[in-house]
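Values quoted throughout were computed directly from the atomic coordinates according to the rules given, and no laboratory measurement underlies them. All of these numbers come straight from a predicted model, not from anything done at the bench. Here the Cβ positions follow ideal geometry from the backbone for every residue, glycine too, while neighbour counts run over all protein chains shown.
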Amino acid sequence: MNIYIDGFNLYYGCVKNTPHKWLDLSALCQRIFPRYNINQIRYFTARVKPTKKDPQKPQRQQTYIRALETIPNLQIHYGHFLSQPRYKVLANPPFPPKDKIVKVIITEEKGSDVNLATYLLVDGYEGKYDIAVVISNDSDLVEPIRIVKVNLGLPVGVVNPILDKKMTSHILKETASFYYRIKRYQISHSQFPKTMHDHKGSFRKPERW
């Protein structure tokens, strides 16, 4: 089994605003699929940038990445964040005119969904798994999942990382060979130890996160 993790979906779906950001992805995958041999985990993310409110954000992310890099069968793939101004219409402007247009800064993660789809397909065509699992609720992944199922005859399961049951991509669920939603206890019980060790030495979970 190979597992493909949409880091953006996972973070915003079940760990943001919780004390469980120090998430051991290998432990989580084993907890969800205890009867399977997990060959490889591919984690798709993007490096964050500092903000005025949170200048330490990149340092915390890098510490977490360092923890992930201690997992032997996990590989990290990077997209990027793009921030750009856009004009938006206020839904309920508090003052006239009613069609008040405002300029806002939109930050989007770019590349991760494409990278995930690419590796899902390439690994499938190269025979690197007999079962694939995609951890995401992104409906953009429907077509690569369908291609693997139809063209290669390989099962592709979907694990929805969003705890809110109202947030379900039904087309993704219908396309998947099997479907599962992450449970809160699986997140809370799949944490790295507070102190970690790698070839550089020891390091700790960030104090404020």
*Do any trypsin sites (Lys or Arg not before Pro) in the stretch 142-201 lie in a loop, going by DSSP, with at most 15 other beta-carbon atoms within 10 Å of their beta carbon, and if so which?*
Lys165, Lys166, Lys183, Lys194, Lys200
*asked:* Within the stretch 115-144, list the residues whose amide N lies under 16 Å from a label point set 7 Å along Cα→Cβ of Ile171.
replied: 137-144
*Set the Förster distance to 30 Å, then compute FRET efficiency between Tyr179 and Tyr78 from the Cβ-Cβ distance, nearest 0.05.*
0.60
*For the chain, which semi-axes, largest first and in whole Å, follow from the square roots of 5 times the eigenvalues of its Cα gyration tensor?*
30, 25, 16
*Please give the calculated 222 nm ellipticity per residue for the chain, where each DSSP H segment of at least 4 residues contributes -39500 (n - 2.57) and the sum is spread over every residue; nearest 500 deg cm²/dmol?*
-8000 deg cm²/dmol
*Cα-based convex hull volume of the stretch 10-56 per residue, rounded to whole Å³*: 100 Å³
*Of Lys16/Lys205; Lys21/Lys52; Lys21/Lys166; Lys57/Lys165; Lys21/Lys149; Lys49/Lys205, which ones are farther than 25 Å apart at the Cα?*
Lys57/Lys165; Lys21/Lys149
